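Only one structure is covered here, and it is reproduced in the block below.
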Amino acid sequence: MDDLELLLSARIAVRDVLKTKPGETAVIITNPEGDVSEIARSLYAAFVEIGAKPVLIYQETKSQLDFAEDAVIGALQTVPDIYVSMSAQKIGKDPFGQKKPYKMRGQTFSSVADFLIHGKKKTRGFWSPGVTVDLFKQAIPIDYKLLKTRARALKSLLDLATSVHISSPGGTDLTFSLEGRKAYVDDGDFSKPGHGGNLPAGEAYISPVNGSTEGKVVFDGSISTYDGSRLVDSPVEVCFRGGYLTTIKALGREGEAASALEKTIHTGEENAMKWEAEGKLPLGEGLGYKQNARHLGELGIGLNPKAGITGNMLVDEKAFRTIHLAIGSNYDKDAQALIHLDCLVQEPTLTLMIQGKPRVLLEKGELKL
């Protein structure tokens with residue numbers, strides 16, 4: 001490897017984050033594009049150094065609404081110890097799991113990777129959609145012990161909360177219920193089977209109670225769309241009623257970001273019904289997937305001190321002094337959609353209701369632990 005700084009970050013990912021052992025199998029999925037391909041090759045080298053058995057697979061770039069190649073799904077069905085998606089956008093949906101979901105302990109999974117990690121708990125790994133070499137070198141070498149402490153503290157508070165109110169200088173005024181929901185953490189500890197998340201890591205996140213979101217949110221950082229993520233040209237205001245998005249508008253002269261967001265949601269709705277008709281979704285589920293394309297599926301809180309707002313959502317959503325809210329599918333798997341669109345709010349104030357009392361978690365972006 002000519003880039004020793006990149007190799008150092010790859011070694012941190014393989015040795016410290018995954019805690020890879022000699023002889024373990026690893027499947028790395030990537031695209032033939034400069035940055036992700038270069039990072040994937042550095043990870044391959046780091047696995048080889050450990051004495052692991054990596055396999056590196058290339059496929060064409062996939063969006064949120066594309067299917068992965070059958071050979072990619074076949075490689076994952078070998079149940080590797082470790083799975084890494086180093087994709088320019090997404091790995092692609094599992095055509096077999098979308099049509100006939102995998103089942104385990106009363107849960108259903110539309111992706112074999114998700115099934116192996118969170119269902120069978122036989123595999124561990126990370127996924128880094130859209131990451132660049134510079135961002136990988138910048139945001140991987142962090143204090144993972146401190147990150148884990150902060151993420152766990154946030155989780156404990158989110159688990160206790162019954163509702164949340166979010167405001168921001170940009171105009172956000174949003175509420176939703178968290179009653180009965182449990183939070184998740186992306187803390188960079190993917191050392192055991194059944195664990196996985198983004199790398200760069202750094203967030204705590206939770207699914208709002210279905211149908212409970214009311215108010216408006218103004219996205220003033222970056223947003224996700226069907227063809228990746230971008231900085232907003234003008235802030236984007238979206239309104240929710242009864243848990244579902246009702247309106248989208250640009251707050252300013254420019255409106256390309258708002259239009260791209262609306263187009264992506266509309267495509268997610270259309271494809272839900274189309275895929276059911278084509279047998280790519282189970283019969284009778286198209287309407288639910290269509291409706292949930294406008295549902296609020298996630299609240300996430302950024303915790304990576306080396307992350308910044310660059311237009312790359314993988315890293316942006318981990319930045320301090322931000323939250324992200326995702327339109328589309330949730331993580332509790334009771335509001336399935338074909339899309340999951342993370343969108344950023346800067347300098348938020350976030351207040352939880354815990355045992356009938358307000359608890360400020362973020363105040364104008366500052367974390368209050």
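Checking the cross-link pairs Lys192/Lys290; Lys192/Lys333; Lys148/Lys192 against a 24 Å limit on the alpha carbon distance flags Lys192/Lys290 as lying beyond it. Over the chain, dividing the summed -39,500 (n - 2.57) contributions of all DSSP H runs of at least 4 residues by the number of residues returns a 222 nm mean residue ellipticity of -7500 deg cm²/dmol.
Histogrammed with a bin width of 5 Å, the alpha carbon distances of segment 143-367 distribute as 1, 7, 15, 20, 21, 17, 11, 6, 2, 0, 0 percent, first bin at zero.
Of the beta bridges in the chain, as assigned by DSSP with both residues counted there, near 75 percent are antiparallel. Per-residue extension of 0.36 nm, minus the Cα-Cα distance of Asp143 and Glu254, leaves a gain of 36.0 nm for this segment. Computed as a quarter of the hull surface, the mean projected area of the alpha carbon convex hull for segment 242-343 stands at 7.6 nm².
For a quick check of your reading of the filter: which GluC sites (Glu not before Pro) in segment 234-314 sit in a DSSP loop and have no more than 16 other Cβ atoms within 10 Å? Sites meeting the loop and neighbour criteria: Glu254, Glu278, Glu285. The residues packed around Ala113, meaning those with a beta-carbon under 14 Å from its beta-carbon, carry a net charge of +3 if Lys and Arg are +1 and Asp and Glu are -1.
With K and R counted +1 and D and E -1, the other residues having a Cβ less than 9 Å from that of Lys364 yield a net charge of -2. Here Lys19 and Lys274 are evaluated by their C-beta separation; at R0 = 56 Å the FRET efficiency comes out at 0.85.
Computed as a quarter of the hull surface, the mean projected area of the alpha carbon convex hull for segment 1-60 stands at 3.7 nm².
List the pairs from Lys122/Lys306; Lys121/Lys182; Lys53/Lys122 whose alpha-carbon separation is above 22 Å, in the order I gave them. Beyond 22 Å: Lys122/Lys306.
By other beta-carbon atoms within 10 Å, ranking Ile223, Ile265 with the fewest at the front produces Ile265, Ile223. With the Cα gyration tensor of segment 151-203 giving a ≥ b ≥ c as the square roots of its eigenvalues, does the rule (a/c under 1.5 for rounded; else a/b larger than b/c for prolate; else oblate) give rounded, prolate or oblate? Because a/c hits 1.5 or more and a/b fails to exceed b/c, segment 151-203 counts as oblate. Among Asp70, Asp342, sorting on how many other beta-carbon atoms sit within 10 Å of each Cβ, with the fewest leading, yields Asp70, Asp342. For Leu8, Leu283, the sequence from fewest to most other C-beta atoms within 10 Å is Leu283, Leu8. Seen from a random direction on average, the alpha-carbon convex hull of segment 4-135 projects onto 7.6 square nanometres. Simple spin-label estimate for Lys263 and Thr247 gives 2.3 nm between the two label positions (7 Å along the Cα-to-Cβ direction from each Cα). Here each label is just a point 7 Å from Cα along the line to Cβ, and for Glu363 and Ile57 those points are 5.0 nm apart.
Every read-out reported here was derived from the displayed coordinates using simple, explicitly stated rules and does not represent laboratory data. This one's a predicted model, so the numbers in the text were calculated from it and none came from an experiment. Every residue, glycine as well, gets a Cβ built from its backbone with ideal geometry; the counts of neighbours run over all protein chains shown.
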